[in-house]
Amino acid sequence: MLQSYIKQILSLYNYVDAIVMVDINGIINYSDNFRTNIYNLYSEEVIGKYICDIYPELNENNSSLLRVLKSGKAILNETQHLVNYKHIEIDAVNSTFPLKSGDKIIGAVEVSAYIDPEKQRKNITLQLKERDKDKSKYYNIITNDANMVSIKKKILKISKSDSPILIYGHTGTGKEMIAQSIHKNSTRSSKPFISQNCAAIPSTLLESILFGTLKGSYTGAENRKGLFETADGGSLFLDEINSMEISMQAKLLKAIENQEIRRVGSTESIKVNVRIISAVNESPLKSIAENKLREDLFYRIGVIQVNLPDLKDRKNDIKFLSDHFIKQYNNKMGKSIIGLDDSVKKIFKSYSWPGNIRELKNIIESAFNLTYNHILTIEDLPDYIFSVKSDSHEIPDVIMSEKSLPELIEDYEKSIIEYAIENTVNITEASKMLKISRQALNYKLSKYNIQK
Ligand SMILES: Nc1ncnc2c1ncn2[C@@H]1O[C@H](COP(=O)(O)OP(=O)(O)OP(=O)(O)O)[C@@H](O)[C@H]1O
Ligand SMILES: [Mg+2]
């Protein structure tokens, strides 16, 4: 979760030398420095420490992170002279953002670009990346499930209108793919499809990404288009809108209703013609009840709703999509796998697929890399699939498999033990996880020839 958030923040900028995140008490809980050659500070030595212990010259008044924790307001492109506890000095340009859960400040994150002492880079600012106009690839929606077939028909119909669409589906159910497909089937298809994940992006940053900035609106700000302007005439896909800060949701609602935006720092309104497609990964009504989604915004963006079922509820699709991905990877990797063996089919049917279609696709890709056969077998599947509670209470049909019941039970036992060994540091801990004695575990490790 934290890792993907950091990755997302970093992906927004052209160039970042360091990123640090603190909790509400100023304790560093994440740090990464990409230029340790010029500023020798490693994450291991700073994580868990108070920010002012790492930078002894900082205090509540001059630390940008502590100021942001107090005010809840972002600081953009501020130059700071930093001296760390090893007496190494650097000048850096920082942008610092509050992290909020609802309206509560829970921490702050800072991205920095160093002013290189040797190269004397001048006028340095943290610049947001220009967005590619259209990265969308048109994927075919593959399905053999009655419910999905009617969703496909619905998509063809709704593509033709300009009404906003809200897609609701759990992770990996195909939300982005559906959004792209709506765009490609619409009259806007020759114009851009722009996608932005809104999860946990501090609202000051998200506002400048969506609406753009006016030169001089804050230190280092340039005249810059936001995504509404970039997507003009096309579609803007706002993913995980239920994770957007509530204050930002109000600004978004205004922009959608008036079909105009104002760049940050500007008083001038700019007309935009954008179709909004949004997505949520939890029930919108639940998000509204928990005050994560504004009700008025929901009614505005949810004029048309598409609810994507989980893969476990599309039983026909598991086999159908497996065959599709097998064909796809055969082409891509130059292999000639003919399908899944019966025991794999059984497992796929009863597995709960928490990661939905993305998980199925990844499992098939990984099996392609492992297999020596022309058919994918249990040995080619990742171990965790056996340790996750299965969705169905069906008794495995041993008749379908070439293996006997004791053999299948042994396979299952082996995979659980391998999981425990891989996820603990020693045998004592693994035996505790499995709730058996060390001796019993040692015996099973040699029986199954599992290396610690
Ligand atoms: N019906 C389908 N046919 C073929 N491929 C599909 C289908 N649905 C999803 N996929 C593939 O599964 C993967 C996940 O889909 P997508 O990224 O659209 O899901 P998502 O709901 O946006 O996931 P997340 O919530 O994690 O962002 C993609 O590689 C996509 O191409
Ligand atoms: Mg997505």
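The values are calculated or read from the model by the stated rules, or taken from the named source; none is laboratory data. Remember, it's a predicted structure, so these values are computed and weren't measured experimentally. Here the Cβ is made from the backbone with ideal geometry for all residues, glycine too, and neighbour counts use every protein chain on show. Protein only, heavy atoms only, side chains kept; ligands, DNA and RNA dropped before computing areas. Shrake-Rupley method; radii C 1.70, N 1.55, O 1.52, S 1.80 Å.
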Conditions first: (1) surrounded by 19 or more Cβ atoms within 10 Å (Cβ to Cβ); (2) under 30 Å from PHE348 (Cβ atoms). ASN316 passes all but one, so which condition is the exception?
(1)
So, in region 230-239, exactly how many residues are touching a Lys or Arg at 6+ places or on another chain (Cβ under 6 Å) and either within 16 Å of ligand 1 (Cβ to nearest atom) or open to solvent by 60 Å² or more (accessible area, probe 1.4 Å) (or both)?
1
Filtered residues of region 83-96 (kept if free of Cβ contacts under 8 Å to residues at least 40 places away in the same chain and open to solvent by 10 Å² or more (accessible area, probe 1.4 Å)):
VAL83, TYR85, HIS87, GLU89, ASP91
Give me the pairs, please: first residue somewhere in region 37-65 and within 14 Å of SER112 (Cβ to Cβ), second residue anywhere and small (Gly, Ala, Ser) and in a helix (DSSP H, G or I), beta-carbon distance under 9 Å, and either six or more positions apart or on two chains.
LEU58/SER64
Condition set outside any helix (DSSP H, G or I) and at pLDDT 95 or above, scope region 173-187, selection farthest from ligand 1 (Cβ to nearest atom): answer is THR173
Answer yes or no: is there a residue in region 395-402 that is open to solvent by 90 Å² or more (accessible area, probe 1.4 Å), assigned by TED's automatic domain parsing to the domain that holds GLY339 and at pLDDT 90 or above.
no
Unmet requirement for ALA250, which otherwise passes all of (1) in contact with a strand residue (DSSP E or B) (Cβ under 6 Å, 6 or more places away or on another chain); (2) surrounded by fewer than 18 Cβ atoms within 10 Å (Cβ to Cβ); (3) not in a loop (DSSP other than H, G, I, E, B)
(1)
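Residues are listed down the side, and each one gets a yes or a no for (1) under 29 Å from ILE155 (Cα atoms); (2) more than 16 Å from ligand 1 (Cβ to nearest atom); (3) among the aliphatic types (A, V, I, L, M):
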site	(1), (2), (3)
PHE228	yes, yes, no
LYS251	yes, yes, no
VAL264	no, yes, yes
VAL274	yes, yes, yes
SER283	yes, no, no
If only one of ILE19, ILE38 is open to solvent by less than 50 Å² (accessible area, probe 1.4 Å) and within 20 Å of LEU206 (Cβ to Cβ), which one is it?
ILE19
Since GLU60 meets every condition but one in (1) acidic (Asp, Glu); (2) in a loop (DSSP other than H, G, I, E, B); (3) open to solvent by less than 90 Å² (accessible area, probe 1.4 Å); (4) at pLDDT 90 or above, which condition does it not meet?
(3)
Reported set for region 250-299 where residues are among the acidic types (Asp, Glu), touching a helix residue (DSSP H, G or I) at 6+ places or on another chain (Cβ under 7 Å) and within 21 Å of ALA200 (Cβ to Cβ) is GLU282
Write out, first by first residue and then by second, each pair whose Cβ atoms fall under 7 Å of each other, whose residues are 6+ apart or on separate chains, and whose first residue, in region 349-367, is more than 17 Å from LYS327 (Cβ to Cβ) and in the same structural domain as SER322 (by TED's automatic domain parsing) while the second is buried (at least 16 other Cβ atoms within 10 Å of the Cβ) and polar (S, T, N, Q).
ASN356/THR173
Selection from region 145-155 of residues within 25 Å of LEU297 (Cα to Cα) and open to solvent by 60 Å² or more (accessible area, probe 1.4 Å) yields LYS154
Between a first residue in region 263-285 that is closer than 15 Å to LEU166 by Cα and at pLDDT 95 or above and a second residue that is basic (Lys, Arg) and within 16 Å of ligand 2 (Cβ to nearest atom), which pairs have beta carbons less than 7 Å apart while being 6 or more apart in sequence or on different chains?
ALA279/LYS175
Only residues that are open to solvent by less than 60 Å² (accessible area, probe 1.4 Å) and within 23 Å of PRO382 (Cβ to Cβ): list them for region 432-452, please.
LEU434, LEU441, LYS444, LEU445, TYR448, ILE450
For SER190, state whether it is more than 16 Å from ligand 1 (Cβ to nearest atom), among the hydroxyl-bearing types (Ser, Thr, Tyr), without any contact (Cβ under 8 Å) to a residue 60 or more places away in the chain and assigned to a loop (DSSP other than H, G, I, E, B).
yes
Pairs with Cβ under 8 Å, 6+ apart, first in region 167-178 and on the phi > 0 side of the Ramachandran plot, second of a type in the set (A, V, I, L, M, F, W, C) and within 6 Å of ligand 1 (Cβ to nearest atom):
GLY172/ILE357; GLY174/ILE141; GLY174/ILE357
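Yes/no per residue for (1) under 22 Å from ALA74 (Cα atoms); (2) within 13 Å of ligand 1 (Cβ to nearest atom); (3) open to solvent by 10 Å² or more (accessible area, probe 1.4 Å):
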| site | (1), (2), (3) |
| --- | --- |
| LYS160 | no, no, yes |
| ILE165 | no, no, no |
| GLY169 | no, yes, no |
| CYS198 | yes, yes, no |
| LEU214 | yes, no, yes |
| ARG224 | yes, no, yes |
| ILE241 | yes, yes, no |
Single residue of region 97-144 satisfying the filter (modelled with pLDDT under 80 and of a type in the set (Asp, Glu)) that is most open to solvent (accessible area, probe 1.4 Å):
GLU118
